[in-house]
Amino acid sequence: MRPGAILRAPLAHFLLGGVLLFAASALLGGADTPPRPRAVAIDAARVEEIRDETTTRSGRAPTRAELERQVALELDEELLYREALARGLDAGDPGIEARLVQKMLFLDEEASPTDAPALVERARALGLDRDDVVIRRLLAEKLRLVATTLAPEERPDEELLRSAFRERSERLTTPARIRFLHVFLSQDRRGTDTPSAAEALARKLEAERIAPTDAIRLGDPFPGGHAFSARTSAEIARQLGRDFAERVAALPVGEWSEPIGSAYGLHLVYVDGVRPGELPAFEQVRERLRLELESALRERKLAALLAELRTRYEVAVAWTGEEEQ
């Protein structure tokens, strides 16, 4: 075909037009124009589903801040899932392949587990690995593990561990433990006479120097018993209330207290002994410190990864406007 005929052919016109459009696009956009960020969207229907799921778990509707946290977690999961796919973490994963085989066996009654490789290939061709919640979670968790793996040089050395031991000495110190007895006067039994009865009994115990074990019989039965051995303030608070625990912690050893109230009634407390809190030796908490430091580092690495992933996507959430402020 002659050159003139080629130029007059319709196909040549189409190809030439495509070349010209491509050249114009390159000139207008420039080779350095950054690609548009990919989109990650949560529509209004999914927001409502998240709200319902949160309500079911907690027994009440979430506030706007609580709902935003749950939506943010979902967005993080999606970003991790997409990055896991980009890194090829789904290839050859036995958990994912088992899940795909399971789905194919459900869809095809004639399929056989012995044809697992073929079933996996068919499942992938059908896109069954792209809309499965279990697979998404598996991949997101796999990326978490991969992205937060610590290199040997990142692990805390002895100097860092000892520094953490010094900085956290107050938190590492075991709490003091209090041993005490109490005489109980029940509000249910004594009614409005409870305060006056407690004051009178307190004076009697002080004046007659009655032994604590004998004094117990002068009060009322208490469901939790009358003798408490080696209890921390937190343990006392869980059973008898925070105010009661704080007042008992301030009592001197070997003296009866003034009446102390609880949800049950009034108590006359005799502290028999206090075992002070102790800072354990470094060797005793070394492994605990190592685990804490490594866990904190993994959290920072994951946060950095998520922050970097968010720059690659346009995130959109279709809020309904019904969230409680």
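Read the figures in this text as sums done on the coordinates, not as results from a lab. What you see is a predicted model; the values in this text were computed from it and never measured. Don't worry about glycine lacking a Cβ; one is built from the backbone with ideal geometry, like all the others, and counts go over all protein chains shown.
Per 10 Å bin, what is the whole-percent P(r) computed from every C-alpha pair distance within region 94-216?
Once binned at 10 Å, the Cα pair distances of region 94-216 give 10, 17, 11, 9, 10, 13, 15, 10, 4, 0.
State whether region 174-275 is rounded, prolate or oblate according to the following rule on the C-alpha gyration tensor (a ≥ b ≥ c being the square roots of its eigenvalues): a/c under 1.5 gives rounded; otherwise a/b larger than b/c gives prolate, and the remaining case gives oblate.
Details: a/c = 1.88, a/b = 1.32, b/c = 1.43.
Because a/c hits 1.5 or more and a/b fails to exceed b/c, region 174-275 counts as oblate.
Going by C-beta contacts inside 10 Å, put Phe106, Phe282, Phe244 in order with the fewest on the left. Kindly include the intermediate steps, with their values, before the conclusion.
Details: Phe106 9, Phe282 16, Phe244 21.
Listed from fewest to most nearby Cβ atoms, that is Phe106, Phe282, Phe244.
Please list 3J(HN,Hα) in residue order for region 185-201, calculated via the Karplus relation 6.51 cos²θ - 1.76 cosθ + 1.60 where θ = phi - 60°; whole Hz, with x for glycine and proline.
Karplus-based 3J(HN,Hα) across region 185-201 equals 10, 7, 5, 5, 7, 9, x, 5, 7, 4, x, 5, 5, 5, 4, 5, 5 Hz.
Setting aside same-chain residues fewer than 8 positions from Lys142, which lysines have a Cα under 25 Å from its Cα?
Partners within reach: Lys103, Lys301.
Long-range amide H contacts for Ile42: which residues qualify at under 5 Å (H placed 1.01 Å from N, peptide plane, sequence gap of 5 or more or a different chain)?
Ala316, Val317, Ala318
Please identify which residues in region 251-279 have an amide N closer than 19 Å to a label point set 7 Å out from the Cα of Thr192, following the Cα→Cβ vector.
Under cut-off, by backbone N: 265-266.
What distance in nm lies between label points placed 7 Å from Cα along the C-beta direction at Ala45 and Arg64?
Taking the simple label geometry, Ala45 and Arg64 are separated by 2.6 nm.
If I model a spin label as a point 7 Å beyond the Cα along the Cα-Cβ vector, how far apart are those points for Leu107 and Arg130 in nm?
Taking the two extended label points, one gets 1.2 nm.
If the convex hull of the alpha-carbon atoms of the chain is projected onto planes in all directions, what is the mean projected area in square nanometres?
Dividing the Cα hull surface by four gives the mean projection, 35.0 nm².
Under the 0.36 nm per residue contour assumption, what length would be gained going from the current alpha-carbon distance of Lys301 and Ala98 to full extension? It would help to have the intermediate numbers written out before the result.
Numbers: separation 203, 0.36 × 203 = 73.08 nm, distance 3.01 nm.
Between Lys301 and Ala98, full extension yields an extra 70.1 nm.
In what sequence do His226, His267 fall when counting other Cβ within 10 Å, fewest first? Don't skip to the end; give the middle numbers.
Working: His226 18, His267 24.
The most exposed by this proxy come first: His226, His267.
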